[in-house]
Amino acid sequence: MKLTRAEIVRKLAGRIDINPKQAAKATEALFYAITQALGAGEEVRLQHFGRFFLKPKRAGARASVPKAKAVAFRGFGRLRKRINAPLDDLETRALTRAPLERRGASREEPLQDGTAIVRISGIPICRFRLKSVSEGGTSFWVREDSVILRNIRVGQEIDIRIHNGPPAVAAAMFRSRIVHITKSDSPETKGYFILGVQILDKV
């Protein structure tokens, strides 16, 4: 699977709420700035991400041929940690202040850092910010560009593990059924869906 320039533009547009034309211009401007800096022999450092730099290629067989330069990249610690993390927690970080659902006494509010770990065959394990949770079901926040939304449907059964939720459901893995996929209409959570599931049984 490859991340193309067109996909970067699409993700950027959805992430910061701009139109595709603006996202394309921003992407081109970034690539241009990096290319110009490298062309001038400068190192490009992006905080928390990594650095682009030039390194000479090995000399050819003929000494008269000038050494070419190759672009190299070295990721910083945060990027390396993110790549090697077993769980996708970007969803959680993006909504650490998301509002909690209040629908009555049958539902318990999750802790501040409550998360739902979702396992679906064919895609990486994902972790999402809890919205509400009880012994019978749970709901959580899913970003609109999340890969999970392209691989699920109402009625589908998935495996979920609740972290930092009520004791009755905490840490155990449950077989669950998706009961609704609803786009949030709140300005505070624009760009997110609410995924609601019914807990069926322990796995």
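Each reported figure results from applying straightforward, stated rules to the coordinates on display, with no laboratory input. This one's a predicted model, so the numbers in the text were calculated from it and none came from an experiment. Cβ placement follows ideal geometry from the backbone for every residue including glycine, while neighbour counts extend to all protein chains displayed.
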Net lengthening on full extension, GLU157/GLU43 (0.36 nm per residue, minus Cα-Cα): 36.2 nm
Difference of contour (0.36 nm per residue) and Cα-Cα distance, ARG80 to LYS11: 22.7 nm
SER121 versus ARG175: modelled label distance in nm, points set 7 Å from Cα along the beta carbon direction: 1.3
